[in-house]
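Worksheet for the structure shown next.
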């Protein structure tokens, strides 16, 4: 017998790591969106009584906080882990009941055959 330990598959990211990654991505997106909308608002309506930089930073920070929060939650909710056996069975039942996809040519040929059958029935 060999003394080597069995190899395990590398584990995926933890829930905390996924949450941090989602929050960082959301914060980056939020800062960008906040900069775009804040700049547009300042250009269109003026800086307001506080000035341009505080107004722009308020837009950017509020947008970053909102996007970061929701992307952190969304990245945790959308786990790529194994589904339970009940969900897997339901997915298989639904996929078996779905209609068969056909090409455009097959669909057109089917419609022509049906028209010919109806035309023959009406002529008799």
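Checked against (1) farther than 30 Å from residue 16 by Cα; (2) modelled with pLDDT of 90 or more; (3) in contact with a helix residue (DSSP H, G or I) (Cβ under 8 Å, 6 or more places away or on another chain), residue 47 meets all criteria but (2).
Results for (1) under 20 Å from the mean Cα position of the chain (by Cα); (2) under 30 Å from residue 77 (Cβ atoms), shown as yes or no for each residue.
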site: 22; (1), (2): yes, yes
site: 25; (1), (2): yes, yes
site: 30; (1), (2): yes, yes
site: 38; (1), (2): no, yes
site: 41; (1), (2): no, no
site: 47; (1), (2): no, no
site: 50; (1), (2): no, no
site: 54; (1), (2): no, no
site: 61; (1), (2): no, yes
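Is it fair to say residue 72 is assigned to a helix (DSSP H, G or I) and modelled with pLDDT under 85?
The answer is no for residue 72.
Could you check the range 101-110 and list, in sequence order, the residues that are assigned to a helix (DSSP H, G or I) and surrounded by fewer than 10 Cβ atoms within 10 Å (Cβ to Cβ)? Within the range 101-110, 104, 105 qualify.
The values are calculated or read from the model by the stated rules, or taken from the named source; none is laboratory data. These numbers were taken from a predicted model, which means no experiment stands behind them. Cβ sites come from the backbone with ideal geometry, for glycine too, and all protein chains shown count toward neighbours.
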